[in-house]
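Trainee: Before I ask anything, here is the structure I am working with.
The values are calculated or read from the model by the stated rules, or taken from the named source; none is laboratory data. On a predicted model such as this, the values are computed, not experimentally measured, just so you know. Here Cβ is always computed from backbone atoms with ideal geometry, including for glycine, and neighbour counts include all displayed protein chains. Protein only, heavy atoms only, side chains kept; ligands, DNA and RNA dropped before computing areas. Shrake-Rupley method; radii C 1.70, N 1.55, O 1.52, S 1.80 Å.
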Amino acid sequence: MKHQIKAVIFDWAGTTVDYGSFAPVQAFISAFEEYGITPTAEEVRKPMGMLKRDHIRTMLNMDRIRKEWKQIHGKDFTENDVEQVYLTSEKNILDILKNFAKPKPWVLQTAAALREQGIRIGSTTGYTDEMMEVVVPAAKAQGYQPDCWYSPNAVDNIGRPWPYMIFENLKKLRIPSVAEAIKVGDTVADIQEGLNAGMISVGVIEGSSVMGLSQAEYEALSQAGKEAACRKARNVFEAAHATCVLQNMQELPQLIRQLQEGQ
């Protein structure tokens, strides 16, 4: 079946900028530490891509963290606790976000290749508008700028895995059908967002939150180590029912050509 692809809807951290998606990880860990709990990177990354308040609520509901919270604070967490941890994490991430806007490898070349084909570039994110006001100009200064972007703030704070940010992108870009766009992301929430929109939903392995490695850490691995890390990430995306999984962003233009040719 041939697909006439007119737009690509990218995620931000871990997909187009911030290799390994480290800004939100650092912000969440430091926020929880202010309340006496040190989450593991794995615990932080599991809900990655969600609306930030939902992310924190999900972490607080994790068995280990919930038990530790009750032990430290003498009671189960409340919605007020969710809000307080969120506000702390928001302050933390706003302090560091400008340093985590570097485009990932192949992103600038891929964006240019898409535009040469007349394909529009949209974006969704788990960041708030206030966070995006930091990262968007920082990424633009380094060469990456989508045609439009929408945060959960634009859709009544209903973030991933709900598909509403995608629909706002399609409306702005004047794309008449979900069959004419694809979603590309680096988390399970990204994959679910795309699938819930009825779209081809693509995961990118290298530099993803799912992989959870910095570029230096990944490049320092042996070939066998790289293959094992990539296989583990691929399994996560496939378990989330990703339509397709790419090694890195360099492979996206070829995937689009194959979709357009019905391969």
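Trainee: What's the percent breakdown of Cα-Cα distances in the stretch 143-211 across 5 Å bins, shortest bin first?
Mentor: It works out to 3, 18, 25, 27, 20, 7, 1, in whole percents.
Trainee: Another question about this same structure. From the Cα trace of the stretch 43-181, what convex hull volume per residue do you get, rounded to a whole Å³?
Mentor: 127 Å³
Trainee: Got a number for the accessible area of D129? Probe 1.4 Å, square angstrom, nearest 10.
Mentor: 50 Å²
Trainee: Hey, what angle do you get for helix 63-73 against the long axis of the chain, alpha-carbon based, 0 to 90 degrees rounded to 10?
Mentor: The angle comes out at about 40 degrees.
Trainee: What number results when the radius of gyration of the stretch 194-263, computed over Cα atoms, is divided by 2.2 N^0.38 Å?
Mentor: 1.20
Trainee: Can you return the lysines within cross-link range of K104? Criterion is Cα-Cα under 30 Å, with same-chain partners fewer than 8 residues away left out.
Mentor: Qualifying lysines at Cα under 30 Å: K2, K6, K46, K52, K91, K140, K171, K172, K183, K226, K232.
Trainee: Could I ask something else about it? Starting from 0 in steps of 10 Å, tell me what percent of the Cα-Cα pairs of the chain lands in each bin.
Mentor: Cα pair-distance distribution for the chain, in percent: 7, 31, 36, 19, 5, 1, 0.
Trainee: Quick check for you: with a 1.4 Å probe and neighbouring chains kept, what is the accessible area per residue of the chain, in Å²?
Mentor: 45 Å²
Trainee: Using alpha carbons only, how many degrees (0 to 90, rounded to 10) separate the axis of helix 223-239 from the longest principal axis of the chain?
Mentor: In the chain, helix 223-239 runs at an angle near 90 degrees to the longest axis.
Trainee: Remind me, relative contact order of the chain in percent, using alpha carbon pairs under 8 angstrom and six or more residues apart?
Mentor: 28 percent
Trainee: In whole percent, how big is the carbon plus sulfur part of the accessible area of the chain, probe 1.4 Å, protein atoms only?
Mentor: Of all accessible area on the chain, carbon and sulfur atoms account for 50 percent.
Trainee: Take every DSSP beta bridge with both residues inside the chain and express the antiparallel ones as a percent of the total, to the nearest 5.
Mentor: Antiparallel bridges make up about 5 percent of those DSSP assigns within the chain.
Trainee: May I ask you to order 224-231, 39-46, 104-111 by the average number of other C-beta atoms within 10 Å around their residues, highest value first?
Mentor: 104-111, 39-46, 224-231
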